[in-house]
1. How big is the Kirkwood radius of the chain, worked out from every pair of different alpha carbons and given in Å to one decimal?
2. Which whole-number percent is the relative contact order of the chain (Cα, under 8 Å, 6+ apart)?
3. Rounded to the nearest 5, what is the percent of antiparallel bridges among the DSSP beta bridges in the chain?
4. Where the accessible area of segment 23-102 is counted over protein heavy atoms with a 1.4 Å probe, how much of it, in %, is carbon and sulfur?
5. So what is the diffusion coefficient of segment 71-120 in µm² per second by Stokes-Einstein at 37 °C and 0.692 mPa s, using a Kirkwood Rh over Cα pairs?
6. Which of T50, T81, T115 moves most in a GNM of the chain, Cα contacts under 10 Å?
7. How high is the relative contact order of segment 76-128? Use alpha-carbon pairs under 8 Å, at least six apart in sequence, and give a whole percent.
8. Evaluate the Debye formula for segment 1-66 with equal point scatterers sitting on the alpha carbons, no solvent, and hand back log10 of I(q)/I(0) at q = 0.16 Å⁻¹, in q order, two decimals.
Amino acid sequence: MANLYVRSTDGNNSDNGTTWALAKATVAGVAAIDAAGDTIYLSQDHNETTASSVSVALAGTLASPTRIICGNDAAEPPTTTAATAQIATTGASSITLTGTSFYVYGVKFVCGSSTSSATLNLCNTFAH
């Protein structure tokens with residue numbers, strides 16, 4: 001169970017996400033390396049916008065959910081939470097989060113634009 005970091009202002013998906021200095025740039029970038037029980041911290045300044053659909057597969061399980069938490073990037077891990085991170089798409093592009101179990105705090109999801117509708121999909125991938 002690791003702490004991983006995402007910051008759109010200076011993150012890079014080529015980095016390993018283990019500190020704010022080595023933060024990933026996108027939630028999809030960090031989801032590619034998360035493991036069950038990890039906590040993913042999004043910077044209070046995180047603002048991720050794309051013109052295409054976003055699909056994020058999280059590794060959390062019922063026993064060890066993945067947590068995505070918006071927090072102040074002045075400390076590792078953050079000592080205060082925030083509710084200012086944003087993940088957005090434009091046009092008719094949807095956002096999909098999948099995984100058996102995950103928790104999200106302080107993140108605003110914006111799908112589509114004023115002239116094109118899109119969907120936010122929260123999908124359980126639990127196999128019966």
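The values are calculated or read from the model by the stated rules, or taken from the named source; none is laboratory data. In this text the structure is predicted, and so the values were computed from the model without any measurement. Keep in mind that these areas ignore ligands, DNA and RNA; they rest on the heavy atoms of the full protein, side chains included. Shrake-Rupley method; radii C 1.70, N 1.55, O 1.52, S 1.80 Å.
1. Computed over Cα pairs of the chain, the Kirkwood hydrodynamic radius comes out at 14.5 Å.
2. Across the chain, relative contact order equals 21 percent.
3. 5
4. Within segment 23-102, the accessible surface is 53 percent carbon and sulfur.
5. 260
6. Maximum among the listed residues: T115.
7. Dividing the mean separation by the residue count of segment 76-128 yields 41 percent.
8. Log10 I(q)/I(0), no solvent term: -0.48.
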